[in-house]
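Colleague: Please read through the structure below; I'll follow up with questions.
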Amino acid sequence: MKKPPAPGTGADRGRPENKELNPGESGVNPASRPFLTRRAFLRSIGGVTAGTIATGVLRLPSQSAWKGVEVEAAEVGPFSGSVRRDQAFQVRHDAAVFQHQLPVPAHPCNGDEALYPKKIGNYSKGLPHNGLGEVDPTAYDSLIHALSTGQPDDFEAIPLGCPDPARQRKFVDPQAGLAFDLQGTDSHQFAIPPAPAFGSAEEAGEMVELYWMALARDIAFTEYDTSPTIRAAAAELSRLSDFRGPKVGGEVTTATLFRGVTPGDLVGPYVSQFLLKTVTFGAEEIVQRMRTVLPGINYMTGYADWLNIQSGCTPQESDRFDSNRRYIRNGRDLAAYVHVDVLFQAYFNACLILLEMGVPLNPGNPYNTSATQIGFGTFGGPHIAALVTEVATRALKAIWYEKWFVHRRLRPEEFGGRVHNHLTGATNYPIHPDVLNSQGVHKVFRRNGTYLLPQAYPEGSPLHPSYGAGHATVAGACVTILKAFFDDSFIIPNPVVQSPDPPAHGLGAGAHGLSLIPYAGPGADSLTVGGELNKLAANVATARNFAGIHWRTDYIESLRLGEAVAISILRDQRATYNESFGGFTFTRFDGATITV
């Protein structure tokens, strides 16, 4: 193999033009690409000296103990030594070339930041605000300056808003959006569409849905067909100018309300089987009854409390917990689950359930037809379990770039403050009439005395922008990995649903979620692995909407972004396997079949 040329020698010219390729198909010799000189490489690894490398501190394994000892080579295999090293280099090089040749997308936003000098359509929680909850313009400029330069010291100079420094919350990791990665497509080469604009009918539709979700937090999913609140919510959302949730015959129904938009979301019970069935975790069993919070308790419904929290102050209140552990039964339980979950938790549990259930592996798995081997470190349990969690941080880097560096969409709680101040006459905002005239909004006012969006968490949203959603992006990535490794058409046996204990127990409606019963209702024989994984992703993502901290489009577009992140990693990994492998074939969130 030729020695890689130093840049500027002329040998690095002639790089191929952008075109669609798979890793390993670039046809580009490493000699045609620019490389760091040895001196530049040493500088780039900061603090590691040439002497350190020369003395073998970074050499693995160390051979110092073998000095003077005669050994016979025991290595077997098709390639070894420098040949294997060169092959490893080529695999990494081809993957890098492939990713480099992908087009760089545009990153348009909805224009609110330029349209409104007071930044009323953008995220500003944690910064100083006036009495209307409008951000201090100098502080906002300081945030934009830090994002523009990317200098760590500039982030440290952003002024924070809480009058009591001891109660000040901090911004969540904006610099993650600038991090690089060594596998998959770079975070800046993904894109999501502009978020709905502040004054649009689409934004209004999403906000009205959130008010109804807050009103419906304590209604069991199994009671949606008979609940007057649920029927009123479905009827109003059906009448809105531009509500884009799932519908039947052009109408929102009790069976489609608050559900996701991917294949399987409307089939069977609201809650995915993967959030209900027992998880076998090695020698342990995890029964998915969770610690949840008491019903009827909402936060940030008073204006002074809302204003303090917009400035980044920690709340004075804290969660109050139910004494019983329950299966997820309603929107409040879902919100409680995603308040404290490890971001890949639900999908790791799903992986263990799929393995324990004996779900067939994806038909393309090379070990399905082997007479002598099974998968393990590749195409087996350890490979799947590791990869389904590994994609989470890649997904977060991609969505953190969108959040901080592109869109900076305001949180629903911030929009709720705009609604309150407009309807009380404190100021005037260009809010679409679908929100201002909403029955759900006015029902919230009758309950709480304000038009603020009731929150499920004492602190409201985290201190980072709304669009897109971290939970939803991780959901999209992790679910995509599971669909790539398991047969997503497999029908899940013995489905279950939450049930209240019989009235004879004397527990009444408060007993919901203490037990499970077999599910034999509509769609019971059509609950596929792929559909229930899609539903799992929707449950987790819309759980944040039930909490009042995310929008419907945060879920939809972030899910798709997570899928794209996972596909890019699967594509890179495909070139690393020795097995005869034709690719991962599975169903995307849009219903199309893809082979990676």
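Colleague: Considering Cα pairs under 8 angstrom that are at least six residues apart, work out the relative contact order of the range 106-225 and quote it in whole percent.
Modeller: Relative contact order here is 26 percent.
Colleague: Solvent-accessible area of ASP164, probe 1.4 Å, all protein chains present, reported in Å² to the nearest ten, please.
Modeller: The value for ASP164 is about 60 Å².
Colleague: Additional query: For TYR123, enumerate residues with amide H under 5 Å from its amide H, sequence gap 5+ or separate chain, H modeled in the peptide plane.
Modeller: When sequence neighbours closer than 5 places are left aside, the close amide H contacts are ARG409, LEU410.
Colleague: Follow-up. Stick to the Cα atoms of the range 155-287, pair each with every other, and give me the Kirkwood hydrodynamic radius in Å at one decimal.
Modeller: By the Kirkwood definition, the hydrodynamic radius is 19.4 Å.
Colleague: Name all residues of the range 562-578 having a backbone nitrogen under 15 Å from the label point set 7 Å from the Cα of PHE79 along its Cα→Cβ direction, giving them as ranges.
Modeller: Output list for this probe position: 575-578.
Colleague: Through the Karplus equation 6.51 cos²θ - 1.76 cosθ + 1.60, θ set to phi - 60°, convert the phi angles of the range 138-149 into ³J(HN,Hα) values in whole Hz; use x for Gly and Pro.
Modeller: 5, 5, 5, 4, 5, 4, 4, 4, 5, 5, 6, 7
Colleague: Additional query: Note down the relative contact order for the range 406-484 as a percent, whole number, built from C-alpha pairs under 8 angstrom at least six residues apart.
Modeller: Dividing the mean separation by the residue count of the range 406-484 yields 39 percent.
Colleague: Let me check something: with ligands and nucleic acids excluded, how do SER124, SER80 order by accessible area (1.4 Å probe), largest to smallest?
Modeller: From most exposed to least exposed: SER80, SER124.
Colleague: Mind putting a number on the dipole of the chain about its Cα centre? Charges go on the C-beta only, +1 for Lys and Arg and -1 for Asp and Glu, and I need it in Debye to the nearest 20.
Modeller: It works out to roughly 780 debye.
Colleague: Run the paramagnetic zone check for ASN494: 7 angstrom along Cα to Cβ, then residues of the range 335-366 with backbone nitrogen under 20 Å.
Modeller: Once the point is set 7 Å along Cα→Cβ of ASN494, 349-361 turn out to lie under 20 Å by backbone N, inside the range 335-366.
Colleague: Can you give the helix-only mean residue ellipticity at 222 nm for the chain, where every DSSP H stretch with n ≥ 4 adds -39500 (n - 2.57) and the sum goes over all residues, rounded to the nearest 500 deg cm²/dmol?
Modeller: Roughly -11500 deg cm²/dmol at 222 nm, from the helical runs in the chain.
Colleague: Ordered by residue, what ³J(HN,Hα) values in Hz, to whole numbers, does the range 263-279 give under the Karplus form 6.51 cos²θ - 1.76 cosθ + 1.60, where θ = phi - 60° and Gly and Pro are x?
Modeller: Once rounded to whole Hz, the list reads x, x, 5, 9, 9, x, x, 5, 8, 4, 4, 6, 9, 10, 6, 5, 9.
Colleague: Considering the chain, which cysteines have no disulfide-compatible partner, defined as another cysteine with its Cβ under 4.7 Å away?
Modeller: CYS109, CYS351, CYS478 - these cysteines have no disulfide-compatible partner (Cβ-Cβ under 4.7 Å) in the chain.
Colleague: Okay, moving on. Sort out for me the Cα centre separation of the range 399-445 from the range 318-350, rounded to whole Å.
Modeller: So the two Cα centres are separated by 27 Å.
Colleague: Compute the distance in nm between two label points, each set 7 Å from the Cα along the Cα-to-Cβ direction, one at ALA179 and one at PHE581.
Modeller: In this crude spin-label approximation the distance works out to 2.5 nm.
Colleague: For the pair GLN87 and ASP525, how long in nm is the line joining their label points, each one 7 Å along Cα→Cβ?
Modeller: 5.0 nm
Colleague: How long is the gain from PHE376 to GLU356 if the chain were fully straight, where each residue apart is worth 0.36 nm and the alpha carbon distance is subtracted?
Modeller: 5.7 nm
Colleague: While we're on this one: Amide H of PHE486 versus every other amide H placed in the peptide plane: which residues, excluding those fewer than 5 positions away on the same chain, fall under 5 Å?
Modeller: ASN362
Colleague: Rounded, prolate or oblate: which one fits the range 391-532, using the alpha carbon gyration tensor with axes a ≥ b ≥ c (rounded when a/c is under 1.5, else prolate when a/b beats b/c, else oblate)?
Modeller: Oblate.
Colleague: Please check which bits of the range 178-205 a label hung off ALA386 would reach, taking the label as a point 7 Å along Cα-to-C-beta and the cut-off as backbone N under 18 Å.
Modeller: Only 182-184 pass the distance filter.
Colleague: Amide H to amide H, which residues 5 or more places from HIS129 or on other chains are under 5 Å from it, using H placed in the peptide plane?
Modeller: Hits under the 5 Å cutoff: ASP136.
Colleague: Can you tell me the length gained on complete extension of the stretch SER227 to GLN101, counting 0.36 nm per residue apart and subtracting the Cα distance?
Modeller: Extra length from SER227 to GLN101 when fully extended: 40.0 nm.
Colleague: Restricting attention to the range 280-345, which GluC sites (Glu not before Pro) occupy a DSSP loop and are surrounded by at most 15 other Cβ atoms within 10 Å?
Modeller: GLU317
Colleague: Viscosity 0.890 mPa s, temperature 25 °C: give me the Stokes-Einstein translational D for the range 235-298 in µm²/s, with Rh taken as the Kirkwood radius over C-alpha pairs.
Modeller: For these conditions, the coefficient is 165 µm²/s.
Colleague: Something else now. Based on the alpha-carbon gyration tensor of the chain and its eigenvalue square roots a ≥ b ≥ c, which shape applies: rounded if a/c is under 1.5, prolate if not and a/b is larger than b/c, or oblate?
Modeller: oblate
Colleague: For the range 255-398, what does the alpha-carbon gyration tensor say about shape, rounded, prolate or oblate, given a ≥ b ≥ c as the root eigenvalues, a/c under 1.5 as rounded, and a/b over b/c as prolate?
Modeller: prolate
Colleague: Any idea what the relative contact order of the chain is, in percent, if you count C-alpha pairs under 8 Å spaced at least 6 apart?
Modeller: Relative contact order for the chain comes out at 20 percent.
Colleague: For the range 249-317 and the range 89-128, what is the separation of their C-alpha centers, rounded to whole Å?
Modeller: Centre-to-centre (Cα) distance: 29 Å.
Colleague: A further question follows. Set the Förster distance to 30 Å, then compute FRET efficiency between ALA114 and ASN437 from the Cβ-Cβ distance, nearest 0.05.
Modeller: Taking R0 as 30 Å, the efficiency between ALA114 and ASN437 is 0.60.
Colleague: Tell me, what is the 1.4 Å probe accessible area of LEU178, in Å² to the nearest 10?
Modeller: The accessible area of LEU178 comes to roughly 60 Å².
Colleague: Please give the helix 381-401 orientation as an angle from the longest Cα principal axis of the chain, in degrees from 0 to 90, rounded to the nearest 10.
Modeller: Once rounded, the angle reads 70 degrees.
Colleague: Considering only protein heavy atoms, with the full assembly of protein chains and a 1.4 angstrom probe, order THR424, THR301 by accessible area, largest first.
Modeller: Per-residue accessible area, sorted high to low, gives THR424, THR301.
Colleague: For SER227, what accessible area in Å² do you get when you roll a 1.4 Å probe over the heavy atoms of the protein chains, rounding to the nearest 10?
Modeller: 10 Å²
Colleague: Also, I was wondering about something else. From the backbone phi of the range 82-94, what are the Karplus-calculated ³J(HN,Hα) couplings (6.51 cos²θ - 1.76 cosθ + 1.60, θ = phi - 60°) in whole Hz, Gly and Pro given as x?
Modeller: Using θ = phi - 60°, the values come out as 5, 5, 4, 4, 5, 5, 4, 4, 5, 4, 5, 5, 5 Hz.
The values are calculated or read from the model by the stated rules, or taken from the named source; none is laboratory data. Small disclaimer: the values here were computed from a predicted structure and weren't measured. Here the Cβ is made from the backbone with ideal geometry for all residues, glycine too, and neighbour counts use every protein chain on show. In case anyone asks, the SASA skips ligands and DNA or RNA and just uses the protein heavy atoms, side chains included. Shrake-Rupley method; radii C 1.70, N 1.55, O 1.52, S 1.80 Å.
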